[in-house]
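Peer 1: Let me give you the structure first, and then I'll get to my questions.
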Amino acid sequence: MKVRLDILRCESIGSKPFWQSIDYETEDENSTVAAALTDINNSGSYIDTEERAVSHISWECSCLQKKCGACAMLINSYPRLACDSKLKEVRRNGVIRIEPLKKFPVVRDLVVDRSIMMENLKTMKLWFQEYARADETVGDIAYEGSRCLQCGCCLEVCPNFYSGGQFFGTATIVPASRLISAVPESQRKEVFREYRKHGYEGCGKSLACRSVCPAGIDIEDLLVNSNAAAVWKRRKRKLKNGKKD
Ligand code: SF4
Ligand code: SF4
Ligand code: FES
């Protein structure tokens with residue numbers, strides 16, 4: 001299989017980005033964007049379509065199994081995990097455009113600085129400050145919330161999120177649902193207030209985030225549950241695919 005990879009390169013923070021086109025060929029019909037980038041870097045001898053040498057392409061990965069979220073990037077303008085993007089499925093007319101996520105500052109090539117997500121989690125104080133008893137009736141909510149990869153794909157398509165803004169987006173709302181589902185009485189007021197300020201109030205409920213989440217998290221139901229508890233002060237319920245109260 002042959003594809004042309006158009007990669008948006010950037011040598012360092014603040015330097016001018018440029019496109020580089022590479023003709024890539026593999027015998028593996030199930031090869032992924034991650035595998036192609038690895039091949040090109042390992043080869044060290046690729047030249048681009050203008051006959052320039054291809055320097056090492058910086059990108060992030062860890063698990064290569066859709067578990068860590070590190071390899072998120074824009075692939076033909078869609079936020080995806082490179083390790084979960086088969087060339088044959090994402091190519092358009094034989095071309096795959098690969099760019100860094102745009103909602104975060106570029107560090108180099110496809111590597112972006114996603115530390116704002118951790119800063120936002122810290123602002124929300126998403127940890128228990130005292131002993132908390134696991135509530136078995138909301139275990140499925142906590143589990144669903146724990147599946148977030150912190151990849152940032154949801155923030156990429158969210159019309160209301162920007163780095164440094166008051167609205168933190170799904171990458172924070174989803175982990176927050178874990179705490180909201182079991183928050184002890186002493187923390188309830190503060191946690192619910194932060195959720196309303198950084199989650200509920202800025203969300204337009206379009207659910208664009210749901211369709212791009214590579215983990216397939218049931219974002220809508222987590223939002224409904226967190227809103228019920230923190231905004232409407234209603235009893236929490238179980239996820240749709242579980243048994244509702
Ligand atoms: S529902 Fe819309 S506004 Fe809310 S987090 Fe998702 S994409 Fe953003
Ligand atoms: S909610 Fe989904 S898209 Fe957003 S950071 Fe978590 S895993 Fe990624
Ligand atoms: S490398 Fe971990 S999700 Fe792709």
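A short reminder: the numbers here are calculations on the coordinates, not readings from a lab. Since we're looking at a predicted model, the values are computed, not measured. Cβ: placed from backbone, ideal geometry, glycine included. Neighbour counts: every protein chain shown.
Peer 1: Would you be so kind as to identify which of Cys61, Gln187, Ile141 lies farthest towards the positive end of the dipole of the chain, taking Lys and Arg as +1 and Asp and Glu as -1 on Cβ and the Cα centre as origin?
Peer 2: Gln187
Peer 1: Counting only chymotrypsin sites (Phe, Trp or Tyr not before Pro) that sit in a DSSP loop (anything but H, G, I, E, B) with at most 16 other Cβ atoms within 10 Å, what is the longest stretch of the chain containing none of them?
Peer 2: Value returned for the longest uninterrupted segment is 1-126.
Peer 1: Taking GluC sites (Glu not before Pro) as candidate sites, keep only those in a DSSP loop with at most 15 other Cβ atoms within 10 Å, then name the longest stretch of the chain containing none of them.
Peer 2: By the stated rule (loop sites, at most 15 other Cβ atoms within 10 Å), 52-129.
Peer 1: Percent relative contact order of the chain, based on C-alpha pairs within less than 8 angstrom and at least six residues apart?
Peer 2: Relative contact order comes out at 17 percent.
Peer 1: Starting from the coordinates of the alpha-carbon atoms of region 115-230, obtain the Kirkwood hydrodynamic radius over all distinct pairs and give the value in Å to one decimal.
Peer 2: This gives a value of 14.0 Å.
Peer 1: Additional query: Using θ = phi - 60° and the Karplus curve 6.51 cos²θ - 1.76 cosθ + 1.60, what whole-Hz ³J(HN,Hα) does each residue of region 72-79 get, with Gly and Pro shown as x?
Peer 2: Running phi through 6.51 cos²θ - 1.76 cosθ + 1.60 with θ = phi - 60° gives 5, 7, 8, 10, 6, 6, 10, x Hz.
Peer 1: State the antiparallel share, in %, of DSSP beta bridges confined to the chain, rounding to the nearest 5.
Peer 2: Beta bridges within the chain, antiparallel portion: roughly 85 percent.
Peer 1: If you don't mind, another one. Taking the Cα centre of the chain as the origin and placing charges on Cβ (Lys, Arg +1; Asp, Glu -1), which of Ser226, Pro175, Leu126 is farthest toward the positive end of the dipole?
Peer 2: So the residue furthest toward the plus end is Ser226.
Peer 1: Right, next: Which entries in the list Lys66/Lys125; Lys2/Lys102; Lys102/Lys122; Lys16/Lys102 go over 20 Å, if you measure between the two C-alpha atoms of each?
Peer 2: Lys66/Lys125; Lys2/Lys102; Lys102/Lys122
Peer 1: Springs between alpha-carbon pairs under 10 angstrom, Gaussian network model over the chain: which of Pro159, Pro100, Pro214 fluctuates most?
Peer 2: Pro159
Peer 1: Additional query: Placing unit charges on C-beta atoms (Lys and Arg positive, Asp and Glu negative, everything else neutral), compute the dipole magnitude of the chain about its Cα centre in debye, rounded to 20.
Peer 2: 1360
Peer 1: Also: For the chain, what does the helix formula give at 222 nm: sum of -39500 (n - 2.57) over DSSP H segments with n ≥ 4, over the residue count, nearest 500 deg cm²/dmol?
Peer 2: Result for the chain, helices only: -8500 deg cm²/dmol.
Peer 1: Still on this structure, I have one more. Let me spell out the model: positive unit charges on the Cβ of Lys and Arg, negative unit charges on the Cβ of Asp and Glu, origin at the Cα centre of region 115-230. What dipole size does that give, in debye rounded to 20?
Peer 2: Result for region 115-230 is approximately 320 debye, rounded to the nearest 20.
Peer 1: Continuing with this model, one more query. Which ordering of Met118, Met124, Met1 is given by a fewest-first count of other beta-carbon atoms within 10 Å?
Peer 2: In order of increasing Cβ crowding within 10 Å: Met118, Met1, Met124.
Peer 1: Evaluate the charge dipole of region 2-112 about its Cα centre and quote only its size in Debye, nearest 20, assuming +1 on the Cβ of each Lys and Arg and -1 on the Cβ of each Asp and Glu.
Peer 2: My answer is approximately 560 debye.
Peer 1: Which Cα, out of Gly94, Leu8, Thr38, lies furthest along the positive dipole direction of region 1-155 (beta carbon charges, K/R +1, D/E -1)?
Peer 2: Of the candidates, Leu8 comes out farthest on the positive side.
Peer 1: Then there's this: Suppose we look only past 19 Å in the calculated P(r) of region 1-160. What percent of the Cα-Cα pairs does that tail hold?
Peer 2: Of all Cα-Cα pairs in region 1-160, 60 percent lie more than 19 Å apart.
Peer 1: Ok, one more. Antiparallel as a % of all DSSP beta bridges within region 1-99, to the nearest 5?
Peer 2: 80
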